[in-house]
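First the structure, in the form of structure tokens, and then the observations on it.
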Number of protein chains: 2
Amino acid sequence: MGFHASSNDSGSVGLPQAVADLLAAFLGPRFSISLSDREHHGRGESYHAVQAPDAVCYAETTEEVSRIVRICADHGVAVIPFGAGTSLEGHVSALRGGVSLDLSRMTRIIAVRPEDLDVTIEAGVTRHQLNNYLRDTGLFFPVDPGGESTLGGMAATRASGTNAVRYGTMRENVVSLTAVMADGSVVVTGGRARKSSAGYDLTRLIVGSEGTLGIITELTLRLYGIPEKVSAAICPFITVDEAIATVVGIIQCGIPIARVELMDARTIQATNRYSGLSYKETPTLFMEFHGSTAGVAEQVALTRELAEQNGAFDFESADDPDTRAVLWNARHNVHYAVQAMRPQAKVWSTDVCVPISSLGPCIAETQEDIASASFFISTVGHVGDGNFHLGLVIDPNNPDELAEAEALNSRLVKRAIALGGTCTGEHGVGTGKMKFMELEHGHGVEVMRAIKKALDPKDIMNPGKIIPELRSGGNPEN
Amino acid sequence: MGFHASSNDSGSVGLPQAVADLLAAFLGPRFSISLSDREHHGRGESYHAVQAPDAVCYAETTEEVSRIVRICADHGVAVIPFGAGTSLEGHVSALRGGVSLDLSRMTRIIAVRPEDLDVTIEAGVTRHQLNNYLRDTGLFFPVDPGGESTLGGMAATRASGTNAVRYGTMRENVVSLTAVMADGSVVVTGGRARKSSAGYDLTRLIVGSEGTLGIITELTLRLYGIPEKVSAAICPFITVDEAIATVVGIIQCGIPIARVELMDARTIQATNRYSGLSYKETPTLFMEFHGSTAGVAEQVALTRELAEQNGAFDFESADDPDTRAVLWNARHNVHYAVQAMRPQAKVWSTDVCVPISSLGPCIAETQEDIASASFFISTVGHVGDGNFHLGLVIDPNNPDELAEAEALNSRLVKRAIALGGTCTGEHGVGTGKMKFMELEHGHGVEVMRAIKKALDPKDIMNPGKIIPELRSGGNPEN
């Protein structure tokens, strides 16, 4: 394996002519084989090489998705769903050619139900679009990965973000979904009841399946009332250890903190440069508290006490929306800020997540790797969940750097799994982390393989992702 | 279909002799073919007729479960997991004979990790055993179905209870699990990280699968700190409508109420008789609030205001543990209290769950059915989740009453599904609700069937549950 270029970058269309004809007739100008379209659709936001699909289909309804999949299924052509192209693990690579199914035009908000605290949307709606739409209802959707991702893509990768410590991830916040399966059939999973024991949890099975079992076309999501009171806080420390100890204390005390994010000194440096800010360049916690006025005051006081006990040398809280917006925009732009530290660079973002008690040891054991790396590395984390990212700022065309990054990531993942953690807290597996699946799940990979085979017997649904191929030697590469 | 007696109630052992010999040699006295053992293991707590297995195996370790399943798999013998026998939907019926695999001796608490707020246990631990064990740690496990169920059984049926409105169900509270699959292989799903995007969510797939995909032998569960302050409240109304309107208000205002339970006048009457209490015999909400002292005071004040606006004629709050224990014991014993209203009766407990905005309409539309029934019916509900139970107190040997109950339940389920709800909020499907699966899930049943077939190709894992058989006519009975 490696980072070889697309096998179809000559511009030739590898689709069977019959499929191209059927799709072109069906979709008209919404069927594209232009090179730029194709390359755009084989590219995420990370170091992975572009692997362009043979064609791009822009779908506008579930029925269209169904028909496109049916045409592809009839001819054994791969179908790769595409939302906003913000994926980090090569999820959209057309490893075996085929059709990129672009859902970004499916942006209808079908129903907002304030009385049930839920909303039904099409999969191409982005999280900003949704929250802008909700603005006047007093409700919001909390899951907030860094990019301007579509909610379909977020569900497909089981994304989370800064609010997960309080509100959960896409796992907890998808109530039900509509998916087009490998034969073109349409499934609506779950209902709108808050709980159900009626059979297998197909919603949770499809959330996180990265388009390999079905293509998510609609979602019903949980909403939350905008809290009466929101307070942010910035809290700098001398060492990362002190910051982590504070976070562990917050979680173990059961403080219902809404956000608690770590940025190390280098990340703050990158952020100051990128966002024109002047935060102290030292390990810092960015926090947010949601609740009633009295409740937030209580949370802030308790957190400040913990932070001071653990060596915080400042604790600045901010209630006004503008200061909070600056803070969280800076946090959400970290990926781009870190990338901007080096021209033409790409960020290889690691994504391990460990039990909270192992967060300190895991980060500590990783320090040596960070110190000896030949490139810039930032450390940021949704530390309340035990999840942190190293941002390895590499030249993706430099094989030595790629090899160094790969080795560093591999050591980190093995460390995290040995501590009871996971290779990916929120980015998904894609192609980038397939090689860790056996180590993390053992025989569970066989179970996943059996499910994949049962639901997609022709292996046309985003093939080559998540589940490593069986090798003749038995074990996948490690 | 119907409630026919076991096909093997003659006492004859239907196991292949080779299987009986292997299991007897392996388990010694922990392999039983006594009639009383077998009948006990084919019986839940509901109206369903006993369908005894051919033999009972008492397992003590995951490895033993694996070996038992392997022996059965080699000979195509059915395996039906058994915990405490508290199931309500015929989950433990040995419809096709086979072996009941009793996990109730697997009661080890393997590790409590207060720093990570989790615990790893064997599947036979009951919720009371767990909470008793945790007593000195300041932690508790919130999921609390009525019976003294095992946690393995609770996971297998995706159980919930009175705390779900705040703490979620087994879906949200199982971190990872160990399961023995249909070929005897052992899978450990997920890790201990709070979130992960590493592949298909096998944990959530097996939770709620009722032993049809794998047998849960170990669980890692989320724990919560015992709140600083706990306050209960009892709040009587003139009508059920007023009580429901109060609950809807509580949820829509985002009050983080820990428990909010409805008992109608008849249920209070039954409870007063059974538990020697003297609550006013009128529709009543039982509530509980968890949090800091100030937070609970705020919640109670806001809830009282909502209740009074909606016509509550009293609002009695109680902080002391004894009064709270009396209240919640009474609530947890409702099933037995209602059953005691009629000698030799069994309770047919309905279990629909609807979006909260549909709770009032759903209960209102059901009043006529309740009024015209020929037997006693109680109404209780985890109303904060939109989930309520009618307790139909029937003579299970009276075919007319069974038919009347079945028709009433059928109307109720169709009403709930039409409102976006589910046939079962927390009891599971078993055999009792299979006939509603097509109506509720449509093509989703085909997806479930494909998964079942892939993971249990010989159909030996609790066969005949959850997924209706394909009929020659296409549609299952309705």
Open item on the list: Give me the three principal axis extents of the range A:49-96 from the C-alpha atoms, as integers in angstrom, largest value leading.
Closed with: 30, 22, 14
Open item on the list: Can you find, among B:L302, B:H441, B:L402, the residue sitting farthest towards the positive end of the charge dipole of chain B, where Lys and Arg contribute +1 and Asp and Glu -1 at Cβ?
Closed with: B:H441
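Averaging over all projection directions, find the projected area of the Cα convex hull of the range A:275-357 and quote it in nm² with one decimal place.
Details: hull surface 30.3 nm².
Spelled out: convex hull of the Cα atoms, projected over all directions, averaged, 7.6 nm².
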- [ ] Return a whole-number percent for the relative contact order of chain B, with Cα pairs under 8 Å and 6 or more residues apart as the contact set.
- [x] 15 percent
TODO: Mind putting together the pair-distance distribution for chain B? All Cα pairs, 20 Å bins, whole percent per bin, short to long.
DONE: 24, 57, 19, 0
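When Lys and Arg each count +1 and Asp and Glu each count -1, what net charge do the other residues less than 12 Å away from B:G444, Cβ to Cβ, add up to? Each step should come with its number before you reach the end.
Numbers: positive: B:R449; negative: A:D201, B:E438, B:E440, B:E446.
With Lys, Arg at +1 and Asp, Glu at -1, the neighbours total -3.
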Task: Residues whose placed amide H lies under 5 Å from that of A:N387, excluding near-sequence neighbours - done: A:V354, A:H382
- [ ] Round to the nearest 10 and give me the degree value, 0 to 90, for the angle of helix A:293-309's Cα axis relative to the longest principal axis of chain A.
- [x] 70 degrees
Task: Evaluated over the range A:229-337, the Cα radius of gyration and Dmax, each in Å - done: 13.1, 37
TODO: Using a 10 Å cut-off on Cβ to Cβ distances, tally the other chain neighbours for every residue of A:421-429 and report the average as a whole number.
DONE: 5
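Please state the equivalent ellipsoid semi-axes for the range A:383-478: what are the square roots of 5 times the Cα gyration tensor eigenvalues, largest first, in whole Å? Let's see the in-between values first.
On the way: eigenvalues 125, 59, 37 Å².
In descending order, the three semi-axes are 25, 17, 14 Å.
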Open item on the list: Students often get this wrong: which residues of the range B:223-250 have the backbone nitrogen under 14 Å from the point 7 angstrom along Cα-to-C-beta of B:D136?
Closed with: none
- [ ] Provide the percentage of antiparallel DSSP beta bridges, counting only those with both residues in chain A; round to the nearest 5.
- [x] 85 percent
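Which order, highest average first, do A:397-410, B:448-461 follow once you tally other Cβ atoms within 10 Å for each residue and take the mean per peptide? It would help to have the intermediate numbers written out before the result.
On the way: A:397-410: 16.4, B:448-461: 19.4.
The densest-packed peptide leads the list: B:448-461, A:397-410.
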- [ ] Find the centroid of the Cα atoms in the range A:189-213 and in the range B:358-428, then give the distance between the two in whole Å.
- [x] 25 Å
Open item on the list: 7 Å along Cα→Cβ for the label point: how many nanometres lie between B:Q17 and each equivalent label in the other copies, listed shortest first?
Closed with: 6.9
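Give me the net charge of A:A73's neighbourhood, meaning all other residues with Cβ under 12 Å from the Cβ of A:A73; Lys, Arg count +1, Asp, Glu -1. Please report the intermediate quantities before stating the final value.
On the way: positive: A:R67, A:R70, A:K458; negative: A:D74, A:D183, A:D456, A:D459.
So the environment of A:A73 carries a net charge of -1.
Counting Lys +1, Arg +1, Asp -1, Glu -1, what net charge surrounds B:A270 among other residues with beta carbon under 15 Å of its beta carbon?
Numbers: positive: B:R266, B:R273, B:K280, B:R331, B:R342, B:K346; negative: B:E261, B:D264, B:E281.
Local net charge: +3.
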- [ ] Compute the acute angle (0 to 90°) between the alpha-carbon long axis of helix B:321-332 and the principal axis of greatest extent of the alpha-carbon atoms of chain B; round to the nearest 10°.
- [x] 60 degrees
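Compute for the protein assembly as shown: radius of gyration divided by Kirkwood radius, i.e. Rg/Rh, restricted to C-alpha atoms, rounded to two decimals. Please report the intermediate quantities before stating the final value.
Working: Rg = 27.8 Å, Rh = 28.9 Å.
Rg/Rh for the protein assembly as shown comes to 0.96.
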Open item on the list: Using only the Cα atoms of the range A:17-102, what are the Rg and Dmax in Å?
Closed with: 12.1, 36
Open item on the list: I want to check the label-to-label distance for A:N272 and B:T61. Put each point 7 Å from Cα in the C-beta direction and report it in nm to one decimal.
Closed with: 5.9 nm
Open item on the list: Averaging over every viewing direction, what projected area does the convex hull of the Cα atoms of the range B:338-396 cover, in nm²?
Closed with: 3.9 nm²
Task: Relative packing of peptides A:68-78, B:109-119, A:191-201 - highest average C-beta neighbours within 10 Å first - done: A:191-201, A:68-78, B:109-119
Task: Diffusion coefficient, µm² s⁻¹, Stokes-Einstein with Kirkwood Rh over alpha-carbon pairs of the range B:72-111 at 37 °C and 0.692 mPa s - done: 283 µm²/s
TODO: Partner chain Cβ atoms within 10 Å, averaged over the residues of A:443-453 - can you pull that number for me?
DONE: 6
TODO: Between copies, how far apart are the A:G276 label points? List them in nm, one decimal, shortest first, with each point 7 Å from Cα toward Cβ, please?
DONE: 7.6
TODO: Enumerate the calculated ³J(HN,Hα) couplings along the range B:229-243 in order (Karplus 6.51 cos²θ - 1.76 cosθ + 1.60, θ = phi - 60°), each rounded to whole Hz, writing x wherever the residue is Gly or Pro.
DONE: 9, 10, 10, 9, 8, 10, 9, x, 10, 6, 10, 4, 3, 5, 5
- [ ] For helix A:265-275, report the angle its Cα long axis makes with the longest principal axis of the Cα atoms of chain A; keep it between 0 and 90° and round to the nearest 10°.
- [x] 70 degrees
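R0 = 60 Å: FRET efficiency of A:A18 with A:E228, Cβ-based, nearest 0.05?
Working: r = 60 Å, r/R0 = 1.00.
So, using R0 = 60 Å, E works out to roughly 0.50.
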- [ ] Give the distance, in whole Å, between the Cα centre of the range B:24-62 and the Cα centre of the range A:265-288.
- [x] 63 Å
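Would you calculate a helix-derived [θ] at 222 nm for chain A, using -39,500 (n - 2.57) for each DSSP H run of n ≥ 4 and dividing by the full residue count, to the nearest 500?
Details: 17 runs with 171 residues, N = 478.
Mean residue ellipticity, 222 nm, calculated: -10500 deg cm²/dmol.
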Task: Largest to smallest principal axis extent of the C-alpha atoms in the range A:180-290, angstrom - done: 55, 31, 27
Open item on the list: Check which residues have an amide H placed less than 5 Å from A:E218's amide H, if you skip close sequence neighbours.
Closed with: A:A123, A:T178
Open item on the list: For chain A, what is the number of Lys pairs with C-alpha distance below 13 angstrom, counting only pairs 8 or more positions apart or on separate chains?
Closed with: 5
Task: P(r) weight above 16 Å for the range A:109-225, C-alpha pairs, percent - done: 56 percent
TODO: Evaluate peptide B:354-365: per residue, the Cβ atoms of other protein chains within 10 Å of its Cβ; return the mean as an integer.
DONE: 3
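The numbers here are math on the coordinates, done by the rules we state, and not lab data. Only a predicted model underlies this, so the values are computations on that prediction, with no experimental measurement involved. Cβ coordinates were reconstructed from backbone atoms using ideal geometry, including for glycine residues, and neighbour counts include every protein chain displayed.
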